[in-house]
């Protein structure tokens with residue numbers, strides 16, 4: 001496991017996938033449902049349970065890749081999007097973690113949390129959401 | 001300038017950090033953030049000033065060849081989350097205000113209660129969602145052009161409201177629809193000892209739809225508007241019998257109903273975008289009826305966004321025959337002609353204008369952008385458009401060219 005993480009170069013991005021805790025009941029989400037949660041338009045999963053989105057660090061390549069695939073938006077466009085929401089008092093962006101390792105810890109311990117991570121860094125504490 | 005430096009220093013320490021206690025319940029979570037713009041505008045016409053907002057006393061052209069007052073501003077905000085339902089926000093903005101100072105003003109100050117994930121109520125001061133970009137008009141970082149088009153965004157001299165609003169969000173499949181209703185009042189000081197504008201008993205409804213890359217908004221806003229009284233001016237008309245009283249009643253601007261309607265849409269799939277808006281305002285005073293529209297679009301290539309923007313405004317009336325002097329005794333003809341001329345001068349400030357703009361935005365660093373824009377402005381015959389501080393020699397119905405350069409930032 002440790003060896004896999006050393007071999008995965010930080011700049012090489014495989015597929016970035018959405019993940020939830022292994023303890024979570026969520027297995028699938030449509031692209032729109034996933035986008036609504038990460039863009040602050042929905043605070044619950046389709047089954048009614050609470051959804052807590054978690055972002056990687058602002059400069060993380062996984063974050064740029066995730067939002068480009070999910071919403072077709074670059075980093076400045078995402079910053080502009082959240083600026084509109086923050087400065088009209090309509091909400092706050094997702095919490096941020098500092099690394100992929102911290103993301104897995106955060107997701108694993110909270111059944112309501114949902115995040116995204118490079119496919120090569122998956123382990124059995126988190127489950128992929130398709 | 002020192003305010004700007006202080007804000008930058010502060011932002012280095014508190015870069016959108018949230019603080020919370022370990023159990024997350026007792027201590028409010030605080031989010032500090034802010035935005036700003038530094039800009040310079042040059043106007044080709046030195047017989048009048050170009051300004052961005054209704055509330056600015058001077059700008060580019062006559063007062064300054066190059067003006068940094070038009071677009072420069074800085075704002076700071078604190079958002080506190082007390083419980084998952086209760087939050088509050090205070091936003092203070094420093095920009096050129098009616099008395100030519102940069103005294104910070106409170107733009108947002110409200111408490112929000114989230115009854116359900118879809119229903120919330122806010123009490124306090126908010127920016128009304130009148131135009132498509134109204135509630136974010138000061139945050140240059142959030143749109144492509146240097147500033148929202150003057151033709152549209154100066155149609156209604158009311159932007160904030162003190163009162164309450166209710167917001168309800170509905171999800172139907174891939175469509176997210178938010179309907180917002182507001183009620184409130186606002187008093188605003190106008191420029192150059194122009195007195196206070198009052199909007200009382202304002203209420204409005206705004207509906208925003210989001211479906212993939214498409215966002216639409218439709219708004220209706222009603223207010224009882226009093227623009228600074230020209231009492232003594234219109235009282236002079238009342239001395240001229242029935243025809244004078246009719247003119248005074250038609251054009252005075254005290255406690256007049258004002259009805260506003262706006263529809264806008266934007267389509268933004270990521271690599272390119274297009275936006276369009278149409279607004280109508282009707283007020284039974286010298287302000288009259290106005291229609292305004294804008295259409296714009298741009299393309300994103302790496303960190304650059306070149307764009308085009310077209311806007312137009314048409315207001316009525318621009319003139320009035322005034323008092324019929326042929327029916328007056330000779331000693332009153334001179335004063336009547338004077339009053340008629342003054343009335344028509346006031347009416348000529350109703351804007352008829354169109355602008356063609358071309359520019360580009362460059363996202364050169366994280367949280368920063370810079371923009372360059374050229375505007376070619378055509379004034380309608382008999383109108384001074386959206387220009388202020390009109391000087392002798394200013395040609396109604398002429399053209400003006402602007403060059404603007406701005407840097408926007410958020411933190």
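The values are calculated or read from the model by the stated rules, or taken from the named source; none is laboratory data. If you're wondering where the values come from, they're calculated on a predicted model, not measured in any experiment. In this analysis, Cβ positions are derived from the backbone assuming ideal geometry, glycine residues included, and neighbour counts consider all displayed protein chains.
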**OP:** For region B:3-14, state whether one or more residues are farther than 20 Å from residue A:79 by Cβ and either assigned to a loop (DSSP other than H, G, I, E, B) or modelled with pLDDT of 95 or more (or both).
**Re:** no
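Taking the condition of being in contact (Cβ under 8 Å) with a residue 60 or more places away in the chain, outside any loop (DSSP other than H, G, I, E, B) and touching a helix residue (DSSP H, G or I) at 6+ places or on another chain (Cβ under 8 Å), how many residues in region A:51-88 meet it?
Let us first name the residues in region A:51-88 that are in contact (Cβ under 8 Å) with a residue 60 or more places away in the chain, namely A:51-56.
Now drop any that are not outside any loop (DSSP other than H, G, I, E, B), which leaves A:52-55.
Filter again for touching a helix residue (DSSP H, G or I) at 6+ places or on another chain (Cβ under 8 Å), leaving A:53-55.
Residues that pass the stated criteria total 3.
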Subject >> Count of residues meeting criterion [at the interface with chain B (Cβ under 8 Å from one of its Cβ atoms) and surrounded by 21 or more Cβ atoms within 10 Å (Cβ to Cβ)] in region A:37-70 >> reply: 1
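Condition first: in a loop (DSSP other than H, G, I, E, B), within 18 Å of the chain's Cα centre (by Cα) and either within 13 Å of chain A (Cβ to nearest Cβ) or more than 21 Å from residue B:221 (Cβ to Cβ) (or both). Can you find one or more residues in region B:79-94 that meet it? Break it down into steps so the answer makes sense when it comes.
We begin by selecting, within region B:79-94, every residue in a loop (DSSP other than H, G, I, E, B); these are B:82-85.
Then keep just the ones that are within 18 Å of the chain's Cα centre (by Cα); that gives none.
No, every residue in region B:79-94 fails to be in a loop (DSSP other than H, G, I, E, B), within 18 Å of the chain's Cα centre (by Cα) and either within 13 Å of chain A (Cβ to nearest Cβ) or more than 21 Å from residue B:221 (Cβ to Cβ) (or both).
Each row is one residue, and each column tells you yes or no for (1) under 25 Å from residue B:308 (Cα atoms); (2) touching a helix residue (DSSP H, G or I) at 6+ places or on another chain (Cβ under 7 Å).
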site: B:320; (1), (2): no, yes
site: B:347; (1), (2): no, no
site: B:378; (1), (2): yes, no
site: B:403; (1), (2): yes, no
**OP:** Could you tell me whether region B:109-116 includes any residue that is more than 9 Å from chain A (Cβ to nearest Cβ) and either buried (at least 21 other Cβ atoms within 10 Å of the Cβ) or under 30 Å from residue B:285 (Cα atoms) (or both)?
**Re:** no
Subject >> Residue pairs meeting the criteria (Cβ under 7 Å; at least 6 apart or on separate chains; first more than 30 Å from residue B:247 (Cβ to Cβ), in region B:346-364; second part of a loop (DSSP other than H, G, I, E, B)) >> reply: B:355/B:149; B:357/B:145; B:359/B:145; B:359/B:146; B:361/B:144; B:362/B:303; B:363/B:303; B:364/B:303
**OP:** Identify all residues within region A:95-104 that are surrounded by fewer than 19 Cβ atoms within 10 Å (Cβ to Cβ), more than 8 Å from chain B (Cβ to nearest Cβ) and either assigned to a helix (DSSP H, G or I) or touching a strand residue (DSSP E or B) at 6+ places or on another chain (Cβ under 8 Å) (or both); write none if there are none.
**Re:** A:96, A:101, A:102
Original post:
Only one of these conditions is not met by residue B:299: (1) buried (at least 21 other Cβ atoms within 10 Å of the Cβ); (2) touching a strand residue (DSSP E or B) at 6+ places or on another chain (Cβ under 7 Å). Which number is it?
Top reply: (1)
Original post:
Which condition number in (1) within 11 Å of chain B (Cβ to nearest Cβ); (2) over 14 Å from the mean Cα position of the chain (by Cα) is the one that residue A:23 fails?
Top reply: (1)
**OP:** Would you check which residues across region B:318-334 are assigned to a loop (DSSP other than H, G, I, E, B) and surrounded by 15 or more Cβ atoms within 10 Å (Cβ to Cβ) and list them?
**Re:** B:318, B:319, B:320, B:322, B:323, B:328
Subject >> Criterion: touching a strand residue (DSSP E or B) at 6+ places or on another chain (Cβ under 6 Å) and at pLDDT 90 or above - qualifying residue of A:59, A:55 >> reply: A:55
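Confirm whether residue B:97 is assigned to a loop (DSSP other than H, G, I, E, B), under 22 Å from the mean Cα position of the chain (by Cα), buried (at least 17 other Cβ atoms within 10 Å of the Cβ) and touching a residue at least 40 places away in the same chain (Cβ under 8 Å).
Details: assigned to a loop (DSSP other than H, G, I, E, B): yes; under 22 Å from the mean Cα position of the chain (by Cα): yes; buried (at least 17 other Cβ atoms within 10 Å of the Cβ): yes; touching a residue at least 40 places away in the same chain (Cβ under 8 Å): yes.
Criteria met by residue B:97.
If you take the residues in region B:23-43 that are in a loop (DSSP other than H, G, I, E, B) and within 14 Å of chain A (Cβ to nearest Cβ), which one is modelled with the lowest pLDDT?
Taking region B:23-43 and keeping what is in a loop (DSSP other than H, G, I, E, B), we get B:23-28.
From what is left, the residues that are within 14 Å of chain A (Cβ to nearest Cβ) are B:24, B:28.
On the way: B:24: 42, B:28: 68.
Once the filter is applied, the top-ranked residue is B:24.
Could you check region A:36-50 and list, in sequence order, the residues that are assigned to a helix (DSSP H, G or I) and over 10 Å from the mean Cα position of the chain (by Cα)?
Keep residues of region A:36-50 that are assigned to a helix (DSSP H, G or I), which gives A:36-38.
Correct list: A:36 only.
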**OP:** Identify the single condition in (1) surrounded by 20 or more Cβ atoms within 10 Å (Cβ to Cβ); (2) part of a loop (DSSP other than H, G, I, E, B) that residue B:312 does not satisfy, given that it satisfies every other one.
**Re:** (2)
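Here is a check on your reading of the model: is residue B:17 buried (at least 19 other Cβ atoms within 10 Å of the Cβ), within 11 Å of another protein chain (Cβ to nearest Cβ) and at pLDDT below 90? It would help to see each step written out before you state the result.
Working: buried (at least 19 other Cβ atoms within 10 Å of the Cβ): no; within 11 Å of another protein chain (Cβ to nearest Cβ): yes; at pLDDT below 90: yes.
Spelling it out, it is not the case that residue B:17 is buried (at least 19 other Cβ atoms within 10 Å of the Cβ), within 11 Å of another protein chain (Cβ to nearest Cβ) and at pLDDT below 90.
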Original post:
Would you pick out the residues in region B:271-292 that are within 14 Å of chain A (Cβ to nearest Cβ) and more than 21 Å from residue B:129 (Cβ to Cβ)?
Top reply: B:271, B:272
Original post:
Quick one: would you say residue A:111 is surrounded by fewer than 20 Cβ atoms within 10 Å (Cβ to Cβ) and in a loop (DSSP other than H, G, I, E, B)?
Top reply: yes
